[in-house]
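The values are calculated or read from the model by the stated rules, or taken from the named source; none is laboratory data. As the structure is a computational prediction, the values presented were derived from the model and not from experiment. Side chains are part of the model used for accessible areas, which takes the heavy atoms of the whole protein and leaves out ligands, DNA and RNA. Shrake-Rupley method; radii C 1.70, N 1.55, O 1.52, S 1.80 Å.
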Amino acid sequence: MENKRLSWDEYFMNIAEDVSLRSTCRRHVGAVITVDNIIVSTGYNGSPKGLKHCSEQGGCMRELNNIPSGTRQEFCRAVHAEQNAIIQAAVHGAKIQGGTIYVNTYPCSICARMIINAEIKRIVYDSDYSDELAKELLDESDIEVVRYKKK
């Protein structure tokens, strides 16, 4: 009988996709941080805790102001999935240095800087996001960046 067991990347990317289903944003993003193949934190994009979601505020500010994708992230009301995963790890005292972050969208430049400073050593992502500064920062870092290919 053939072993059809998922690889670690498949397993954790599937979980990141499930985590993204909690998002209240128009772009559903989920992140999972692992250390030694153990999940230590998850996050999804959405408004800060206790604050109204964009849908309750009349819609996405970026969309309403025709801000192109990959630019002007400071106009986003949401905390990004990667940011939430890093914050949750910090709040709960989880060690993430040397870990891997699985995210269903390539990180933006703000998240890239946080990932670099959190000393995460590997990023596995699914879909692209056009943020040239993020690509420059990650290319300059010693982080392994892997494009996930669904089977």
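The calculated 222 nm mean residue ellipticity attributable to helices in the chain amounts to -8500 deg cm²/dmol, summing -39500 (n - 2.57) over DSSP H runs of n ≥ 4 and dividing by all residues.
Surface composition of the range 74-151: carbon and sulfur atoms hold 50% of the protein heavy-atom accessible area at a 1.4 Å probe. Contact order for the chain, expressed relative to its length and based on alpha carbon pairs under 8 Å spaced 6+ residues apart, stands at 22 percent.
Sorted largest first, the spans of the alpha carbon positions of the range 1-67 along the three principal axes are 54, 22, 18 Å.
For q values of 0.12, 0.13, 0.18 Å⁻¹, compute log₁₀ I(q)/I(0) with the Debye formula on a Cα-only model of the chain, without solvent. At q = 0.12, 0.13, 0.18 Å⁻¹ the computed log10 ratios are -0.48, -0.57, -1.05.
In percent, rounded to a whole number, the relative contact order of the range 88-135 is 45, using alpha-carbon pairs under 8 Å and six or more apart.
Note on residue 114: accessible area approximately 60 square angstrom, rounded to 10, probe 1.4 Å, nucleic acids and ligands left out.
Principal axis extents of the C-alpha atoms in the range 71-143 (largest first, rounded to whole Å): 32, 29, 20. When 9, 131 are compared by accessible area at a 1.4 angstrom probe, the order from most to least is 9, 131.
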